[in-house]
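Asks: Next up is a structure, given as structure tokens.
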Amino acid sequence: MSIEKPWLKLWPKEVPTNLDHPNLSLPQTLESASKEFPNRPAIIFEDSRLSYSQLYDSMERFAAGLQHLGIAKGDRVAIYLYNCPQFVIATYGALKAGAIVVPCSAAYKERELEHILMDSGSKILVTQERLLPIAEKAVDKANIQNIIVTGDQDYKFLSSLDEAPSPEGSHVPFLKLLRKNNPSPVDVPINPKEDLAFLCYTGGTTGTPKGCMLTHFNCVCDQLHEIYFFKLRRGEEVLVLFSPLFHIHGLNRCMGTYLTAASTIILFERFNVVKVLEAIEKYRVTVFPGVPTAYIALINYPEIKKHDLSSVRIWKSAAAPLPTEVWFKFRELTGAHISVGWGLTEASPGLTLTPLEMTEYKPGMVGIPEIDTEVAVFDVEKNVKVPPGVVGELRARGPQIMKGYWNKPEETMKVFSNGWLCTGDLGYMDENGIFYFVDRLKDVIKVSGFQVWPMEVEDVLCSHPAVLEVAVVGIPDEYHGEVPKAYVVLRKEFKGQVKEEDLIKYCEGKMAKYKVPKKVEFVEELPKTPSGKILRRLLRCR
């Protein structure tokens with residue numbers, strides 16, 4: 001057994017440790033699925049269906065439309081949409097035209113969107129009617145040549161373009177673009193290993209918004225890692241997808257992976273516990289790629305035991321740390337266990353996964369490195385690997401790692417060290433090769449020189465029966481430098497019954513004194529990103 005890779009002894013049966021990754025572009029993966037399964041539903045959205053052949057036809061029409069608007073290889077096309085079939089079509093259509101897709105959060109306001117459009121140099125913006133007021137203001141300073149606009153109801157006409165309405169206006173209607181362009185775009189040669197597929201903007205490991213340059217090869221490798229690791233059955237899986245498509249988890253790990261696997265995607269604009277549970281039963285869903293907030297909603301839904309969830313064979317959680325209490329409560333209620341993964345935008349995004357055979361969970365556990373992926377723990381100051389059990393910075397290397405940051409060579413140099421991506425995440429590896437996420441390096445609280453990991457304190461507080469959600473941050477203290485403060489969302493039935501001192505006392509018997517929160521503030525909700533990550537910086541500013 002390799003000393004460098006102790007996780008291989010836990011490797012799932014019949015799963016290769018290495019792959020001969022095909023040199024394919026993302027549109028080629030969709031083309032393959034459409035040829036093999038032309039009539040299989042690719043996307044189901046609000047009960048409207050789009051087959052693989054229809055999706056591929058729409059992709060080609062959109063690509064031809066972009067080319068008629070002057071888009072050439074390497075141009076950037078920004079997509080500012082909520083989850084909808086048009087997002088999928090615009091993404092693959094832009095890629096087919098040789099463009100680079102710039103996904104923009106639908107939560108962005110004018111200033112945020114303007115920054116992304118200007119930094120990326122996008123030429124076209126695809127958006128929705130309800131987002132148009134923000135989009136029109138944001139493009140004033142950007143070099144946007146055309147805005148393509150889709151209506152909320154356009155998805156109903158994607159399989160019958162002849163019946164689609166023809167709205168007038170100064171912008172390009174999405175359906176009109178599809179209808180007037182035959183599915184025959186000019187073929188654009190793509191070098192998957194060199195040509196970019198996405199510019200995904202992230203705060204990254206150094207804090208400032210920047211575009212991660214992800215190639216077609218990066219993305220296809222990431223997809224294949226999940227396909228092989230979970231032994232996905234080509235043309236058979238059914239997935240519920242509510243993670244935002246503008247986030248790399250929804251964009252590539254969910255949408256991209258499961259289209260490549262010729263699966264059926266039940267798409268939602270956003271998570272709704274009742275509608276998602278109904279969809280699981282109605283469509284016999286087999287894969288549930290969740291985020292912690294979705295699992296928290298599920299375990300707190302009083303009717304969950306009345307739903308038949310037996311069709312789901314893969315329950316996953318990613319995009320943010322999963323509280324230990326949530327994992328065990330979900331297993332208690334459903335009998336199923338959640339496979340937890342870890343990654344980041346710079347890695348397309350996957351780095352580790354928990355094998356389905358691993359049915360136990362420990363705080364912070366994120367599994368073992370994916371296929372063809374290496375993860376190691378480094379002492380940041382000495383830049384050397386540390387032994388098992390010692391906390392350090394998690395670093396990774398593999399074929400899914402980005403080329404770098406868009407137009408930011410100095411920032412790129414900062415996050416690579418001897419071929420390793422420095423993730424800015426703290427964690428450790430145990431003696432069996434299982435990795436554990438501890439916290440973000442920048443979120444560590446230093447109390448009189450002692451290090452406090454917010455997640456450790458949060459895990460204890462989450463075990464209190466009154467606590468629904470919690471976030472811990474460091475606040476200034478004259479004597480200690482910093483002390484922990486907890487922001488707590490209480491369960492409805494406990495509001496007004498639990499006091500600050502109750503939770504502080506609860507922690508005192510479960511951790512060292514310096515780790516115990518010195519203050520607890522009760523809030524109605526925690527600030528989060530669209531993907532469910534807690535925005536600690538906003539809490540620090542309060």
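Asks: Can you name every residue in the range 1-51 that is closer than 28 Å to ASP372 by Cβ, touching a helix residue (DSSP H, G or I) at 6+ places or on another chain (Cβ under 7 Å) and either free of Cβ contacts under 8 Å to residues at least 24 places away in the same chain or of a type in the set (Ser, Thr, Tyr) (or both)?
Replies: Scanning the range 1-51 gives MET1, SER2, THR17, SER25, THR29, SER34.
Asks: Which residues, counting only those in the range 349-368, are among the small types (Gly, Ala, Ser) and either closer than 20 Å to MET402 by Cβ or at pLDDT 95 or above (or both)?
Replies: If the condition is that a residue be among the small types (Gly, Ala, Ser) and either closer than 20 Å to MET402 by Cβ or at pLDDT 95 or above (or both), then GLY350, GLY367 are the ones that fit.
Asks: Select, from VAL473, VAL444, VAL438, VAL460, the only residue that is surrounded by fewer than 19 Cβ atoms within 10 Å (Cβ to Cβ), closer than 30 Å to PRO387 by Cα and not aromatic (Phe, Trp, Tyr).
Replies: Step by step, each of VAL473, VAL444, VAL438, VAL460 is checked, and only VAL444 is surrounded by fewer than 19 Cβ atoms within 10 Å (Cβ to Cβ), closer than 30 Å to PRO387 by Cα and not aromatic (Phe, Trp, Tyr).
Asks: Let me ask something else about it. Of the residues VAL415, VAL390, which single one is of a type outside the set (Ser, Thr, Tyr), more than 19 Å from the chain's Cα centre (by Cα) and farther than 17 Å from TYR201 by Cα?
Replies: Of VAL415, VAL390, the one residue that is of a type outside the set (Ser, Thr, Tyr), more than 19 Å from the chain's Cα centre (by Cα) and farther than 17 Å from TYR201 by Cα is VAL390.
Asks: Suppose we keep only residues that are at positive phi and in contact with a helix residue (DSSP H, G or I) (Cβ under 6 Å, 6 or more places away or on another chain) within the range 298-353. Which one would you say is surrounded by the fewest Cβ atoms within 10 Å (Cβ to Cβ)?
Replies: So, considering only residues that are at positive phi and in contact with a helix residue (DSSP H, G or I) (Cβ under 6 Å, 6 or more places away or on another chain), the one surrounded by the fewest Cβ atoms within 10 Å (Cβ to Cβ) is ALA319.
Asks: If I ask for residues that are of a type outside the set (Lys, Arg) and over 17 Å from the mean Cα position of the chain (by Cα), which ones from the range 84-102 would you list?
Replies: Hits for the range 84-102 are PRO85, GLN86, ILE89, ALA90, TYR92, GLY93, ALA94, LEU95, ALA97, GLY98, ALA99, ILE100.
Asks: Could you tell me whether the range 274-282 includes any residue that is touching a strand residue (DSSP E or B) at 6+ places or on another chain (Cβ under 6 Å), of a type in the set (Asp, Glu), farther than 18 Å from PRO192 by Cβ and surrounded by fewer than 24 Cβ atoms within 10 Å (Cβ to Cβ)?
Replies: No: zero hits.
Asks: On to the next question. Quick check: anything in the range 492-505 closer than 20 Å to LEU426 by Cα and aliphatic (A, V, I, L, M)?
Replies: Scanning the range 492-505 turns up no residue that is closer than 20 Å to LEU426 by Cα and aliphatic (A, V, I, L, M).
Asks: Scan the range 41-48 and give yes if some residue there is crowded, with 23+ Cβ neighbours inside 10 Å and under 19 Å from GLU269 (Cα atoms), otherwise no.
Replies: Checking the range 41-48: at least one residue is crowded, with 23+ Cβ neighbours inside 10 Å and under 19 Å from GLU269 (Cα atoms).
Asks: What tally of residues in the range 256-306 results from selecting those that are among the charged types (D, E, K, R) and in a loop (DSSP other than H, G, I, E, B)?
Replies: Residues in the range 256-306 being among the charged types (D, E, K, R) and in a loop (DSSP other than H, G, I, E, B): 4 in total.
Asks: Separate question: Any idea which of SER105, SER122 is over 21 Å from the mean Cα position of the chain (by Cα), among the polar types (S, T, N, Q) and either surrounded by 19 or more Cβ atoms within 10 Å (Cβ to Cβ) or not in a helix (DSSP H, G or I) (or both)?
Replies: Criteria check complete, one pass: SER122.
Asks: Tell me which strands (runs of 3 or more DSSP E) are completely within the range 436-542 and hold 2 or more residues being within 26 Å of the chain's Cα centre (by Cα) and under 29 Å from GLU112 (Cβ atoms), or say none if there are none.
Replies: So the answer is 467-477, 481-490.
Asks: Still on this model: Of all the helices (runs of 4 or more DSSP H) wholly in the range 1-98, which have at least 2 residues that are out of contact with any Cys (no Cβ under 6 Å at 6 or more places or on another chain) and over 29 Å from CYS212 (Cβ atoms)?
Replies: 26-36, 52-68
Asks: Separate question: If I filter the range 301-310 for residues that are small (Gly, Ala, Ser) and touching a residue at least 24 places away in the same chain (Cβ under 8 Å), do I get at least one hit?
Replies: no
Asks: Pairs under 6 Å by beta carbon, first residue over 18 Å from SER25 (Cβ atoms) in the range 249-261, partner at pLDDT below 95 and of a type in the set (A, V, I, L, M, F, W, C), six or more apart or different chains?
Replies: HIS249/ALA318; HIS249/ALA319
The values are calculated or read from the model by the stated rules, or taken from the named source; none is laboratory data. Predicted model, so just to flag it, every value in this text is computed and none were measured. When we count neighbours, we look across all protein chains shown, and the Cβ atoms used for this are built from the backbone with ideal geometry, even at glycine.
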